Structures are given as C-alpha cells and as structure tokens.
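Single-structure report; data block below.
The numbers here are math on the coordinates, done by the rules we state, and not lab data. The structure presented is a predicted model; accordingly, all values stated were derived computationally and were not measured. Cβ placement follows ideal geometry from the backbone for every residue including glycine, while neighbour counts extend to all protein chains displayed.
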Amino acid sequence: MGRTIKLIDLSTQERIALEEGYSRSKSPVFSKRCHIILLKSQQRSSKEIGKILSITDQAVNHWVKRYQKDG
C-alpha cells in the first residue's frame, strides 16, 4: 500500500501569490518552490512532482514541510 498524499489547502489569496511567484519571479529557485506548492495543492504525489521538476521527492517534501511551517 502506498503512502498517503499530504494535502495543501490554499486560500484564493495564497494561490494567487504562489502563481505570481511562479510566473514572475526572477529567482528560478523561488519560482520552483512556488511550483512545488501549487502542484502539491493539486493532490499530486511528491514522487510525481519530483519527476515533473527533475528533483528528488525528498526535496519536494522538504519544501512542503517548510511551507506548512512558515508559509
């Protein structure tokens, strides 16, 4: 049996801010972090997000935990 996907429930304001950060940021690192959270809010697994963004699922989990803690 696989692991449960941790869900991120975003408010409209949070989603808009993340979408702007993803599309308009001059920092590729910040843009990727925003993209991770947006994909996670679509109920995608960390493994799937990692494949999409060419990063490890551990890196995905790190940024998801950090977002949940600090926003």
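Side notes on the structure shown:
- When every residue of the range 1-11 is checked against the conditions, none turns out to be of a type outside the set (A, V, I, L, M, F, W, C) and either in a helix (DSSP H, G or I) or surrounded by 16 or more Cβ atoms within 10 Å (Cβ to Cβ) (or both).
- Unique residue being among the basic types (Lys, Arg), within 9 Å of the chain's Cα centre (by Cα) and surrounded by 11 or more Cβ atoms within 10 Å (Cβ to Cβ) when the list is Lys65, Lys47, Lys51, Lys32: Lys32
- Some residue of the range 35-45 being part of a helix (DSSP H, G or I), over 19 Å from Gly71 (Cβ atoms) and not basic (Lys, Arg): no
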